[in-house]
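**Q** Sending over a structure as structure tokens; questions will come in a sec.
The values are calculated or read from the model by the stated rules, or taken from the named source; none is laboratory data. As the structure is a prediction and not an experimental result, all values here were calculated from the model. Here Cβ is always computed from backbone atoms with ideal geometry, including for glycine, and neighbour counts include all displayed protein chains.
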Amino acid sequence: MKEKKIKFIFTGGGSGGHVSPALAVAAELKKTLPEAEITYIGVKNKAEAHMVPKAGIPLKFVKSAPLPQGKSPVSLLKFAMTMFFGLSKAALLLLKIRPIAVFATGGFVSAPTVFAAWILRKATFGLFKTKIMIHESNTDLGKMNKAAAKAADKVAVSFSETIRHLPKNKGFFSGYPVRSSIALEERAAARKELEIPDDAFVIFAFGGSQGSRTINRVLANSAKKLLEDPNTWIINGAGKPFGKVYEYHGFNDVSEILEKQNLGDAKKRYILRDFIDNMGLYYAASDLLVIRAGAGSIVEVCRQGKPSLIIPISNIGNDHQIGNARFIERAGAAAVIYERTDPLNGIDIAFADAGEFCETVSRLRESKLKLEEMSEAAKNIFPGNPAEIIVKNLLYLCRLGEKPAEIKGTEFVNDRVLGLNSTSLEKFLQKTKNGAEKPLEADEVKLIKNKIDMLFSSHNPVIKARACRSSGILGYAEVIPLIIKYASNKNSAPFLSRDAFVALKQLTLVCETGRREDLFNAIVSGLENPYYETRFSAEKCIPAFAGHFGISENERGKFMDLLFKNMTDHCFEVRVEAILAAAQISTDTGNLLKHFSKLYFDAVWKVRMAILQAFEILIKRGVLDKSAAAAEIDRILITSNGYTTEYELKKEYNSLIELISQEKKS
């Protein structure tokens, strides 16, 4: 009698990071349950189209697309139509195959199959009984898996801490499944096949199946410097795009950069590849890996026992790659270089600094002991067999095996600064400044500066404005020229110029003397800005400027002329700050009192309050005679139309009278 097949559907893709764990689990499933029949569902022209057939698994295609970033009706309609056709095709495949379970590894490729299975279960009132299990590679759930977790029966996770983000009793720790096809090969045999000397120092860099622009460019731009050492070799898996339409072609990009490097004879020590199939061969030949921080890459490299230099992708959801990288770094198995942008020079595409890269590689190259310690640490980070754990849980879910024992993964240390968006970053910095959070450590400051640079590189002026405010709270002096530019430019969005001055009020205290003239001109420009909030924010900078740099008579004269003008402004906040700023820098009290007197009966009580506060400042500065002050304040209207719990204007008046009385006694 013919043995009955037990059918499974696997899905997940778009990138090798989603396909590799699926193939690892599929291989383990076939090993454990030989009668299993596996069908893979993916999307054309993606990583699965290249990788799945090589694994000998039947592959079917459906339509799918990532959720559009904007809210364009056309984009949303196109997305909805794509998903409709994808769900329809996936549902037909599910009804035809009738799998006992669907196993998904995420990415938008998984969506049609997972949700079609869930819809069929609901629509048939339980007659369609296919189980759903998904695997999350990273510490934080991806967009697709976050939605799919609600539909899934079980969720396998690479990091224990992810379980707390899942519905109760759905998550279990498995680790990240690594391709069994990547066997540990002999170093000597690998080098012989690649024609690399036994005693060479070999750097192997790759950034996934489609390549990493950051890794490719920092490596290619550093090649001349690194290859000055005749014992150094570089292997660069630059990647290649899937399909005819692509955003980046790694192999071509690196080839063009290398042509400009004039490497001469050293070029033979730079091995350039597009897509690498036999990763085990290249792992075995290498001494140092340069990688991204996707869960697949770091687990695979650690299981190979290789030290690594990690360049995590910055500015993506929840900073999960940075979290992954710091996890490996803390374990002692990796060094980390962070991507950055350079808004001061208009570089908005993230990059890794070539100087920092060369210095880090050179330091590791010169310390054989350090590399050995990193290698040992790498071997101990991810014990166990994740694919086996997933298969046991999958079979138990399908009532084909016993309940597996629960396994706990390595504890993951949460970083305070990871996952902070532009709004939460500002709030966090304010808490550290106020003492509600413990002081920042040096590596946290570095990460935050990178985040702020990324915010400045946004094309959204609201995000840039938040970057200004965060810079001011942090005291990020390096971006002062950029913030001065936003403050001075009358074409800047109004709230951007306003927040530039909010930042400059704080950054003036760390501003170098060489920026004095630029800062002065920016404040002058701000005092005349059409936007009222920019005007009063610029006025607040004047006392900080005078206190930090001192003030020349020419500067004082220019400021005072504009402040007198702003004392007649239609906006009462502008009048208030003009009064207070003038009191801080004026030396001609006669002229100052003449302008103040025009506001003694101002309709807004806060303006009259500001005049009383200005008198207090002038008395304490010693530039206003106490008798003159006493005579002036009795001319000020102290009635208030403010709905406050205290009569603030009267309170300020009494406080000033007491100060004058003390002055007279003394």
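**Q** Do the conditions hold for I542, that is, is it at pLDDT 95 or above, buried (at least 23 other Cβ atoms within 10 Å of the Cβ), among the hydrophobic types (A, V, I, L, M, F, W, C) and under 39 Å from the mean Cα position of the chain (by Cα)?
**A** Details: at pLDDT 95 or above: yes; buried (at least 23 other Cβ atoms within 10 Å of the Cβ): yes; among the hydrophobic types (A, V, I, L, M, F, W, C): yes; under 39 Å from the mean Cα position of the chain (by Cα): yes.
Against the criterion (at pLDDT 95 or above, buried (at least 23 other Cβ atoms within 10 Å of the Cβ), among the hydrophobic types (A, V, I, L, M, F, W, C) and under 39 Å from the mean Cα position of the chain (by Cα)), I542 qualifies.
**Q** Can you confirm whether S72 is assigned by TED's automatic domain parsing to the domain that holds K392 and free of Cβ contacts under 8 Å to residues at least 24 places away in the same chain?
**A** yes
**Q** Out of F428, F501, which single residue is under 17 Å from N529 (Cα atoms) and either of a type in the set (G, A, S) or without any contact (Cβ under 8 Å) to a residue 60 or more places away in the chain (or both)?
**A** F501
**Q** Taking into account only those residues within segment 200-226 that are assigned to a strand (DSSP E or B) and of a type outside the set (G, A, S), which is surrounded by the fewest Cβ atoms within 10 Å (Cβ to Cβ)?
**A** That would be F201.
**Q** I've got another one for you. Among (1) modelled with pLDDT under 95; (2) under 30 Å from K464 (Cα atoms), there is one condition G355 misses while meeting the rest; what is its number?
**A** Looking at each condition in turn, G355 falls short on (1).
**Q** With respect to E444, determine if the residue is of a type in the set (D, E, K, R), closer than 18 Å to I322 by Cα and either assigned to a helix (DSSP H, G or I) or more than 22 Å from the chain's Cα centre (by Cα) (or both).
**A** Judged against the criteria, E444 is a match.
**Q** Oh, and also: Considering each of P197, P112, P167 in turn, give the residue that is surrounded by fewer than 23 Cβ atoms within 10 Å (Cβ to Cβ) and either assigned by TED's automatic domain parsing to the domain that holds Y40 or assigned to a helix (DSSP H, G or I) (or both). Full working, then the answer.
**A** Details: P197 fails: either assigned by TED's automatic domain parsing to the domain that holds Y40 or assigned to a helix (DSSP H, G or I) (or both); P112 fails: surrounded by fewer than 23 Cβ atoms within 10 Å (Cβ to Cβ).
Within the list P197, P112, P167, the selection yields P167.
**Q** Filter segment 1-54 down to the residues that are of a type in the set (A, V, I, L, M) and without any contact (Cβ under 8 Å) to a residue 12 or more places away in the chain and list them by number.
**A** Passing the criteria: only M1.
**Q** Turning to a different aspect of this structure: Is it the case, given these coordinates, that M567 is touching a His at 6+ places or on another chain (Cβ under 6 Å) and modelled with pLDDT of 95 or more?
**A** When the stated conditions are applied, M567 passes them.
**Q** Checking the condition under 29 Å from E161 (Cα atoms), within 16 Å of the chain's Cα centre (by Cα) and β-branched (V, I, T), which residue from I452, I463 passes?
**A** Sole residue among the options that is under 29 Å from E161 (Cα atoms), within 16 Å of the chain's Cα centre (by Cα) and β-branched (V, I, T): I452.
**Q** Counting residues that are in contact (Cβ under 8 Å) with a residue 12 or more places away in the chain and under 25 Å from R469 (Cα atoms), which helices (runs of 4 or more DSSP H) fully inside segment 513-601 reach at least 1?
**A** Once the helices (runs of 4 or more DSSP H) in segment 513-601 are filtered for at least 1 residues that are in contact (Cβ under 8 Å) with a residue 12 or more places away in the chain and under 25 Å from R469 (Cα atoms), what remains is 516-527, 532-549, 553-566, 572-585.
**Q** Looking only at segment 31-81, count how many residues are at positive phi and either surrounded by 12 or more Cβ atoms within 10 Å (Cβ to Cβ) or in contact with a Cys (Cβ under 9 Å, 6 or more places away or on another chain) (or both).
**A** Within segment 31-81, residues that are at positive phi and either surrounded by 12 or more Cβ atoms within 10 Å (Cβ to Cβ) or in contact with a Cys (Cβ under 9 Å, 6 or more places away or on another chain) (or both) number 1.
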